[in-house]
Amino acid sequence: PIPHSPFPPMNRRKLLQNAAIIAAAGLIPIGINGWAVRGIAQTNNRKRLIVIFLRGAVDGLNVVVPYQESNYYEARPRIAIPKPGEKDGVLDLDGRFGLHPALADIMPLWEKGSLAFIHACGSPDSTRSHFDAQDYMESGTPGVKTTQDGWLNRLLGILPKDSPVQAVNVGATIPRILTGKMSVANLPSGNNTNNALAIDRPEINRAFAQLYNGNDPISLTYQEGDKVREILLNELNSEMMQASRGAPSPVGFANDTRKLAKLMVGDGKTQLAFMALGGWDTHVNQGSSNGQLASRLKPLAEGLVTLVKELGPVYSDTVIVVLSEFGRTVAENGNGGTDHGHGNVMWVLGGGIRGGKIYGEWPGLNESELYEKRDLEIITDYRNAIASILTQHIELNVAQLSQIFPNYSTNPTMALF
C-alpha cells in the first residue's frame, strides 16, 4: 500500500495495470533502455527527420505523372491525368513529369527548391502483400522476416540522447519502423491529444510518483512515461488555449502535422518522427484528376504545407520523407482502379535539399521495360535514397549506416543536399 495515500490499498500488480494509462499518451518504453537511465550526450546536431508512410500502396504514376509517355495514356484510358494545359491537367514539373493537380498546394515548395521526387524507387522484394511489404520497408531488411526492430528505432539508438521525446510516433500504436529497444514517445492523432487522464490528477500523480521513485526498471519506466506526459502537455498547452478562444482548428492530417511541428520547434527536442496515413489501396474507382485518389491527395498536401509552415526556421534543419510500400500497376483494371504493383515515387522535402528535381533513373513504360510486364521497374532501392539522407543530413558515417541497414552494401551518391 502507498503510505498516506488518499486511495484504498492496492497491490503492486494492480497499480502496474493502472500504470498503462501512461502509455496512452506518453512513452512506450522497453527494458532499461529508456532515456531516464541513459547517459546524456549533448549534441549541436539538431537535424530532424520525419517519415510519413502512405499505407495501402499509393499510385505513384498518378502522383508524379510521366505525361510524355504515350504508354501511360494508352494503359489508363479512364484514370490518366491529362497533360499540362488541358482541363484538370497535371502541373508541369520539369517538362517530362507533372504533379497531380490535387497536390497544387505543394507546388510552391517545388518552385522554391525544397521539394524533390525520386521516381522508380522502392523495395527490391517482389512481394505484393501489403503486410509483408510494409514490414520489410519499416524493418529495413527486405525479404527478411526475422528482423526484430525497425530502422528508425536503430537510428535513434545511434543518435546522442538528450530527451525522452527525441523520437515520436503520431498514431494509436507504435509502428514497426519504431519498434525496438529504444524508447519512443506516442502522440495520439486526432483531437484527443490533450484530453485529461487520471494520471493528470495531482493526488494520483503523487501516489504513483511515491510508489515508483526507485531505480529499478519498472520505476524508471514509469518515471520516463510521466516525464513524456509532462512534456507533451506543456508543449501543446498553447494549442489548447487557442482552441478555447474559439479559433478554428485544422482537422485531420493538417491538425496532426501542426501538433508535431510544435514538438519539433519546442523545448522537447524531438528529432525523429513517424506518421502513417491509410486509404491508398485504390482497386476500384480510383479516379483521375478528381475522385477517390484526388480526395486523399489534397488533405495530404494541406498537411504537408501546414507542417512546413509551422516548423518555421526549423524547416531548414528538417527532412520530410513520404513513401509507400509499393506502387500500382501501369494499366488500369476493369473496375476503374489499379492493382498492386512494384516501383513507386518517394517524396523528399526539406529546407536544405536540392529540390525542384526528379531524382533517379527513369526506366520507361514500354512493355519490355516493365517489371513482370505490368509494373514500373525499381531502379533506386529505397534504402539508397534513405542512406543518402542519413549521411548527408544526419551525418552518419559508413559504419553507422551499416547498423541502420544491415546486410546492405551501399555507397549513397544521390546528391540530395
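A compact table of results
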item	result
Looking only at region 88-107, and only at residues there that are in contact (Cβ under 8 Å) with a residue 40 or more places away in the chain, open to solvent by 10 Å² or more (accessible area, probe 1.4 Å) and of a type outside the set (Gly, Ala, Ser), the one that is farthest from ASP375 (Cα to Cα)	ASP105
The lone exception for HIS4 - which of (1) at positive phi; (2) open to solvent by 70 Å² or more (accessible area, probe 1.4 Å); (3) modelled with pLDDT of 95 or more it fails	(3)
Tally of residues being open to solvent by less than 10 Å² (accessible area, probe 1.4 Å), within 20 Å of PHE253 (Cα to Cα) and over 12 Å from the mean Cα position of the chain (by Cα) across region 160-187	3
Complete set of residues in region 393-416 that are within 20 Å of the chain's Cα centre (by Cα) and within 22 Å of ASP94 (Cβ to Cβ)	LEU416
Of residues in region 108-129 being among the hydroxyl-bearing types (Ser, Thr, Tyr) and under 21 Å from the mean Cα position of the chain (by Cα), the one surrounded by the fewest Cβ atoms within 10 Å (Cβ to Cβ)	SER129
Those residues of region 119-142 which are of a type in the set (A, V, I, L, M) and closer than 18 Å to TYR408 by Cβ, in sequence order	ALA133, MET137
Residues satisfying the stated conditions in region 320-329, i.e. of a type outside the set (Val, Ile, Thr) and either at pLDDT below 95 or in contact with a His (Cβ under 9 Å, 6 or more places away or on another chain) (or both)	GLU325, PHE326, GLY327, ARG328
Subset tally (residues that are open to solvent by 30 Å² or more (accessible area, probe 1.4 Å), assigned to a loop (DSSP other than H, G, I, E, B) and not charged (D, E, K, R)) for region 71-81	1
Of all residues in region 98-148 being in a helix (DSSP H, G or I) and touching a Ser or Thr at 6+ places or on another chain (Cβ under 7 Å), the one that is farthest from TYR67 (Cα to Cα)	SER139
Single unsatisfied condition, ASP317 versus (1) surrounded by fewer than 19 Cβ atoms within 10 Å (Cβ to Cβ); (2) modelled with pLDDT under 95	(2)
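Results for (1) open to solvent by 40 Å² or more (accessible area, probe 1.4 Å); (2) touching a residue at least 40 places away in the same chain (Cβ under 8 Å); (3) farther than 27 Å from SER316 by Cα; (4) among the aromatic types (Phe, Trp, Tyr), shown as yes or no for each residue.
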residue	(1), (2), (3), (4)
GLY337	no, yes, yes, no
GLY341	no, yes, yes, no
VAL345	no, yes, no, no
ARG354	yes, yes, no, no
LYS357	yes, yes, no, no
TRP362	yes, yes, yes, yes
LEU365	no, yes, yes, no
LEU370	no, yes, yes, no
LYS373	yes, no, yes, no
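The values are calculated or read from the model by the stated rules, or taken from the named source; none is laboratory data. Note that the coordinates shown come from a computational prediction; the quantities given were computed from them, not determined experimentally. Quick reminder, even Gly has a Cβ in these numbers, built from the backbone with ideal geometry, and neighbours come from all protein chains shown. Each accessible area value is taken on the protein alone, full model and side chains, heavy atoms only, with ligands, DNA and RNA left out. Shrake-Rupley method; radii C 1.70, N 1.55, O 1.52, S 1.80 Å.
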